[in-house]
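Written below as structure tokens is the structure these notes are about.
The values are calculated or read from the model by the stated rules, or taken from the named source; none is laboratory data. Note that the coordinates shown come from a computational prediction; the quantities given were computed from them, not determined experimentally. Heads up, the Cβs are rebuilt from the backbone with ideal geometry, glycines too, and the neighbour counts pull from every protein chain shown. Remember, those area values only see protein heavy atoms, side chains included, never the ligands or the DNA or RNA. Shrake-Rupley method; radii C 1.70, N 1.55, O 1.52, S 1.80 Å.
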Amino acid sequence: MTAATNQTTVVQPLRPWRPTFSQQFARFVTVVLVVAAAAVVVLVSPLAGLAGIALVAIPLQMAVSVARSSRHGSVAARNDVATSLIWSAFLVLLVPWMSIIFTVVRRGYQAISVNFFTDDMRITAPDADLASGGIAHAIVGTLIMVAIASIVSVPLGILSGIYITEIRGRFTKVVRFIVQAMSGVPSIVAGLFIYSTLVLYNKSYSGLAGALALAVLMVPTVARTSEEVLKLVPEDLRFAGYALGSSQASNVFRIVLPTVRSGLVTSGILGVARVAGETAPLLMTAQVFLATKGNPLDGPLGSLPVVIFSFFQNGADNAVTRAWGASMVLMILITFLFALARAVSADRRRSRR
Amino acid sequence: MFSESPLEGAEITASGVGSTMREVETGRDSRNLLPSGASGLETIGAHAWFGKHHAIEDVSLRFPKSSVTGLIGPSGCGKSTFLRLLNRMHEFIPGTAFAGQVLLDGRDIYAPEVNATEIRLKVGMVFQKPNPFPSMSIADNVLAGLRLARIKTADKYMLLEDCLVRAGLWKEVKDRLKASAGSLSGGQQQRLCIARALAVKPEVLLMDEPCSALDPGSTLRVEETIVQLSEAMTIIIVTHNMQQAARVSDYCAFFLSEGGPGRVVEAGLTSTIFTNPVDPRTADYVQGRFG
Ligand SMILES: Nc1ncnc2c1ncn2[C@@H]1O[C@H](COP(=O)(O)OP(=O)(O)OP(=O)(O)O)[C@@H](O)[C@H]1O
Ligand SMILES: [Mg+2]
């Protein structure tokens, strides 16, 4: 009857909820067998290709999981069906996504070299040898225009989100309606709008005009998503702030916004994602420019989507390779910007005093 | 700090309660049950509505300076609603309405020229559910009121320690002041909210069931804090715990709704309410026979 705690065994931390190695192995073997069986079926039947295998393998895998889990009851069986469905959906979506990345890399990697990042197309023809020329002008132009568009539209979008959720003023419905209507504006109309105002007025294309066309497209995305994010802030927190004698402004800027910082960063990221690949509005506002320059006010400005477009239009082998290479750079650049935004916002939180 | 002599207060109390007992029985006016202090908080004929729903009817109560008043009554009788009237938090709920007067040191806090923000700085509040700011560290939460209302303090660290000690949280968090407030347990979060409310040094502190999420030890610590704070602060505490009301409060008000709007059935010295109440419903409630 002595207390069990007198024992001197050292207790190891365990994770009994994790599947054991043999369970995982069994699951893996089942999936392999199912896919192999599906391949056999495809070989001997009129079904063909990857799609045929998926068509056989997915229901087969579900049947196998039901058979295996039904001894644990119908709830477990249903759970397993749902799990296989979700995995299948994930795999089905993964295929086109991976194939896009794979295609871009496969066809564009030959264009990648040092000069591709440091040189521009000022003295190089689009179909010239890949050892000369590059897209530095387009990278710089895209960065400048996306940066200006973000500086204009992220604050504007977040402010209109704040107006709708925090101030709830008399024009809330109007603002929300306009934001909704704006998010339906086709990008070419945004370009046309800036063209018919800024470009015609200045009698010149410019990087700024391009940036503003992008901003027109970006504001509604940022406004919509930041509104949704701000709605998630519990009312309790606002009350807590007010009960401490806070003004509405302090409450919004010191409590509400910091609480959803990462959500607001996401809304900015979605805005950038919305516009970074836009081609039509830039063709009408920033036009084409082949030399590297940093001044958005001084005439036309090159950009990645526009160089991709014009390389493809050229049609020569080297030009098309350059187009794929530029697409690859655009994708990497956007991914890098997103990672940067995440890192900056996470860093701020940790080092805050 | 201790501007009022406790003896003086007691004298006023005795005469105030004795002279107005009759009025309760007629149900006309419960206002004078609590002694009339020169300063403090007072409501006169306060009503509250949520849309069409009449939640509180004709509540007149006086909360003298440096006293603790317990608000008791069954769930849904309007205690939280009444508290929110006292620091102008009621108006944040869309569709609400109010009638009557709330006087802070003789000044109507609902007068048009009054700045509600300023009132909330003087009348602090601890909510029924803990609501620390998740984006801030533990230390920043305690000092949040200073930053929000732009108050300057000479020694932030002293204030931080003082508030956390008084809320009974210091020992548990002194080594992790920079950690996120979300990493605390529910009871710890509630004590953090109490510390946060203390940091801005309000004149009046409203506490809505502050101990409902706390263990007996923390409850005791918070009750000691309440008694200690009441030397310099007016405290109004809603509680469902009769022993707690008896332990910490000088006065008690019993709210009841009986299907219609909530009203004050009886108010007076805590000792009277608990040992010798006038209304039989009060007796039933404090002895746990209903509610
Ligand atoms: N936001 C609201 N909207 C509509 N009605 C409300 C709201 N808050 C409270 N009420 C109603 O007002 C009445 C009083 O509610 P209140 O929260 O003040 O009760 P309480 O005495 O604090 O109860 P408890 O002890 O359960 O906290 C209840 O009938 C409730 O349904
Ligand atoms: Mg309540």
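What to note about this one:
- Qualifying trypsin sites (Lys or Arg not before Pro) for segment B:132-225 [loop in DSSP, other Cβ within 10 Å: at most 15]: B:Arg150, B:Lys152, B:Lys174, B:Arg176, B:Lys178
- Hz values of 3J(HN,Hα) by residue in segment B:220-233 - Karplus curve (6.51, -1.76, 1.60), Gly and Pro given as x: 4, 4, 5, 5, 4, 4, 4, 4, 5, 5, 5, 5, 10, 9
- Cα pair distances exceeding 13 angstrom across segment A:66-127, given as percent: 75
- Mean per-residue shielding of peptide B:117-124 is 3, counting Cβ atoms of other chains within 10 Å of each Cβ.
- Euclidean distance of C-alpha centroids, segment A:41-71 and segment A:174-193, integer Å: 46
- Partner aspartates and glutamates for B:Lys52 [C-alpha distance under 18 Å; skip if fewer than 8 residues away on the same chain]: B:Glu91, B:Glu258
- Taking θ as phi - 60° and the Karplus parameters 6.51, -1.76 and 1.60, the scalar couplings of segment B:152-167 work out to 8, 10, 5, 10, 4, 5, 4, 4, 4, 5, 4, 5, 5, 4, 5, 7 Hz in sequence order, x denoting glycine and proline.
- Under 5 Å between amide hydrogens, built in the peptide plane, is the criterion, and for B:Met207 it picks out B:Val126, B:Ile236, B:Ile237, B:Val238 among residues at least 5 positions away or on other chains.
- Exposed chymotrypsin sites (Phe, Trp or Tyr not before Pro) absent: longest stretch of chain B, with sites in DSSP loops and at most 11 other Cβ within 10 Å deemed exposed: B:3-289
- With R₀ fixed at 41 Å, the C-beta to C-beta distance from A:Arg170 to A:Ser262 puts the FRET efficiency at about 0.85.
- The mean count of C-beta atoms from other chains within 10 Å of the C-beta of residues in B:131-138, rounded to a whole number, is 6.
- In loop segments of segment A:142-192 as defined by DSSP, the chymotrypsin sites (Phe, Trp or Tyr not before Pro) with at most 14 further C-beta atoms inside 10 Å of their C-beta are A:Phe171.
- In the full protein context, segment A:136-352 carries 44 Å² of accessible surface per residue, based on a 1.4 Å probe and ignoring ligands, DNA and RNA.
- Placing +1 on each Lys and Arg Cβ and -1 on each Asp and Glu Cβ, with no other charges, gives segment B:86-128 a dipole about its Cα centre of roughly 120 debye.
- Positive-end residue, segment B:114-208 charge dipole about Cα centroid, Cβ charges, pick of B:Val173, B:Ala139, B:Ile119: B:Ala139
- Against the empirical curve 2.2 N^0.38 Å, the C-alpha radius of gyration of chain B lands at a ratio of 0.99.
- Cα-only Debye scattering, segment B:73-212: base-10 log of I(q)/I(0) at q = 0.22 Å⁻¹: -1.35
- Solvent-accessible surface (1.4 angstrom probe) belonging to A:Ile58, in square angstrom, nearest 10: 50
- Peptide-level mean, for B:79-92, of C-beta atoms on other protein chains within 10 Å: 1
- Checking the Cα-Cα distances for A:Lys173/A:Lys231; B:Lys79/B:Lys156; A:Lys231/B:Lys156 against a 24 Å cut-off, the pairs over it are B:Lys79/B:Lys156; A:Lys231/B:Lys156.
- Legend: residues in segment A:241-260 shielded by at least 10 square angstrom of accessible surface upon adding the remaining protein chains to the isolated chain (1.4 Å probe, heavy atoms) are A:Tyr242, A:Ala243, A:Leu244, A:Gly245, A:Ser246, A:Ser247, A:Ser250, A:Arg254, A:Ile255, A:Pro258, A:Thr259.
- Convex hull of Cα atoms in chain A, direction-averaged projection (nm²): 31.7
- For segment A:202-252 and segment B:118-164, distance of Cα centres in Å: 27
- Fraction of accessible area attributable to carbon and sulfur, chain A (%, probe 1.4 Å): 70
- Ranking by accessible area, most exposed first, for B:Arg263, B:Arg289 with a 1.4 Å probe: B:Arg289, B:Arg263
- Over 20 Å [Cα-Cα, segment A:21-110], rounded percent: 48
- GNM on chain B, alpha-carbon springs under 10 angstrom: the most fluctuating residue among B:Gly106, B:Gly187, B:Gly40 is B:Gly106.
- Förster-model FRET efficiency, 41 Å R0, B:Asp108 and B:Gln287, C-beta, rounded to 0.05: 0.60
- Probe 1.4 Å, accessible area per residue of segment B:206-254, Å²: 35
- Calculated over segment B:91-139: convex hull of Cα atoms, volume per residue (Å³): 146
- For segment A:180-245, applying the loop criterion from DSSP together with a ceiling of 12 other beta carbons within 10 Å to the trypsin sites (Lys or Arg not before Pro) yields A:Lys203.
- Within segment A:136-352: Cβ-based charge dipole about Cα centre, in debye rounded to nearest 20 (Lys, Arg +1; Asp, Glu -1): 560
- Accessible surface buried upon A-B contact (total; probe 1.4 Å; Å², nearest 100): 2100
- Applied to segment A:258-271, the Karplus parametrisation 6.51 cos²θ - 1.76 cosθ + 1.60 on θ = phi - 60° returns per-residue 3J(HN,Hα) values of x, 5, 10, 3, 5, x, 5, 4, 4, 5, x, 4, 5, x Hz, with x for Gly and Pro.
- Taking a straight Cα-Cα cut-off under 13 Å and skipping sequence neighbours fewer than 8 places away in the same chain, the aspartates and glutamates within cross-link reach of B:Lys129 are A:Glu235, A:Asp236, B:Asp208, B:Glu209.
- Mean silhouette area of segment B:150-291, derived from the convex hull of its C-alpha atoms and averaged over all directions, reads 10.6 nm².
- Mean residue ellipticity (222 nm) of the protein assembly as shown, computed from DSSP H runs ≥ 4 via -39,500 (n - 2.57), nearest 500: -17500 deg cm²/dmol
- Carbon/sulfur fraction of accessible area - chain B, other protein chains in place, 1.4 Å, %: 53
- Between 0 and 90°, nearest 10: helix B:186-199 axis offset from chain B longest Cα axis: 80
- Centroid-to-centroid separation of segment B:222-267 and segment A:253-269 [C-alpha atoms, Å]: 39
- Taking the inverse of the mean 1/r over every pair of distinct Cα atoms in the protein assembly as shown gives a Kirkwood hydrodynamic radius of 30.7 Å.
- Contact with the other protein chains removes 30 Å² or more of accessible area, compared with the isolated chain and a 1.4 Å probe, from these residues of segment B:143-157: B:Arg147, B:Leu148, B:Arg150.
- The equivalent ellipsoid of segment A:182-276 has semi-axes of 36, 14, 10 Å, largest first, where each one is the square root of 5 times an eigenvalue of the Cα gyration tensor.
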